[in-house]
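Please read the structure below before turning to the comments.
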Amino acid sequence: MKKLDESNPEPRGELQLRILANRTDANISGDISGGWLVTQMDSAASIVANRIARGRTATMAIGDMSFIRPIKVGSVVCCYTHLISMGRSSARIMVEVWSRMPEDELRHKVTEAEFVYVAIDDNRRIRPIEPRISRADAPD
Ligand SMILES: CCCCCCCCCCCCCCCC(=O)SCCNC(=O)CCNC(=O)[C@H](O)C(C)(C)COP(=O)(O)OP(=O)(O)OC[C@H]1O[C@@H](n2cnc3c(N)ncnc32)[C@H](O)[C@@H]1OP(=O)(O)O
């Protein structure tokens with residue numbers, strides 16, 4: 001299983017999504033569910049993918065994930081994204097999730113994962129991505 005990189009104390013990338021973790025997002029044990037978190041990460045990364053691809057994309061793959069800290073109900077959950085690379089029709093986007101309680105300054109990294117999107121047309125056929133991206137999305 002991939003070990004989460006905790007060496008960087010600051011989030012990496014652009015803040016793409018900020019959301020409050022509600023009671024309704026918790027499982028029956030009262031913990032925020034992993035499925036809810038993956039859904040938020042997919043939403044954050046797809047904003048970038050659709051912008052880069054200038055249109056429709058589909059989630060092609062999600063890399064290994066480890067959930068190293070629980071998210072408490074009432075936490076502010078932030079998804080940061082950065083573009084890793086682009087192929088002919090695909091884009092690899094890293095999503096980092098950080099959380100903190102609203103009254104707390106200290107934030108913690110919760111998880112990270114790589115998402116791969118493929119640009120598709122209205123008939124779900126793969127289409128090439130024009131290699132023109134904004135400075136915000138430029139890979140390192
Ligand atoms: C405890 C917690 C548990 C949680 C657990 C529950 C979770 C509960 C909620 C989760 C919710 C959120 C997660 C949403 C995740 C969906 O939304 S999943 C559903 C959305 N996705 C889809 O419907 C996509 C379905 N797939 C397709 O339609 C076709 O595969 C596609 C996208 C049209 C691609 O067609 P294809 O012929 O397979 O593509 P192919 O030509 O082989 O490859 C195209 C490009 O992709 C690249 N590629 C292909 N495969 C890969 C791969 N595996 N890796 C990297 N690149 C790849 C190729 O290299 C190529 O790149 P380029 O060189 O062109 O740049």
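The values are calculated or read from the model by the stated rules, or taken from the named source; none is laboratory data. Computed from a prediction, not measured in an experiment: that's the story for all the values here. Here Cβ is always computed from backbone atoms with ideal geometry, including for glycine, and neighbour counts include all displayed protein chains. To get the accessible areas, we keep the full protein, side chains included, count just its heavy atoms, and leave off ligands, DNA and RNA. Shrake-Rupley method; radii C 1.70, N 1.55, O 1.52, S 1.80 Å.
The table below lists the values:
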read-out	value
I19 within 15 Å of the ligand (Cβ to nearest atom), modelled with pLDDT of 95 or more and closer than 30 Å to I120 by Cα	yes
Test for V77: is it closer than 30 Å to N123 by Cα, open to solvent by less than 30 Å² (accessible area, probe 1.4 Å), of a type in the set (A, V, I, L, M) and part of a strand (DSSP E or B)	no
Selected residue (only one of S85, S89, S33 is within 8 Å of the ligand (Cβ to nearest atom) and touching a Pro at 6+ places or on another chain (Cβ under 6 Å))	S89
Some residue of the range 29-37 being within 18 Å of P128 (Cα to Cα) and assigned to a helix (DSSP H, G or I)	no
Those residues of the range 19-28 which are surrounded by 13 or more Cβ atoms within 10 Å (Cβ to Cβ) and either of a type in the set (D, E) or assigned to a strand (DSSP E or B) (or both), in sequence order	I19, D25, A26
Failed criterion for S99 (all others in (1) crowded, with 20+ Cβ neighbours inside 10 Å; (2) under 13 Å from G34 (Cα atoms); (3) touching a His at 6+ places or on another chain (Cβ under 7 Å) hold)	(2)
Where a residue in the range 88-105 is under 20 Å from E130 (Cα atoms) and its partner, wherever it lies, is within 16 Å of the ligand (Cβ to nearest atom) and part of a loop (DSSP other than H, G, I, E, B), with Cβ under 8 Å and at least six apart	R88/P128; R88/I129; S89/R127; S89/P128; S89/I129; S90/I129; A91/I129
Exclusive hit being assigned to a strand (DSSP E or B), open to solvent by 70 Å² or more (accessible area, probe 1.4 Å) and of a type outside the set (S, T, Y), set R51, R124, R92, R69	R92
Selected residue (criterion: nearest to the ligand (Cβ to nearest atom)) from residues of the range 36-45 that are open to solvent by less than 30 Å² (accessible area, probe 1.4 Å) and among the small types (G, A, S)	A45
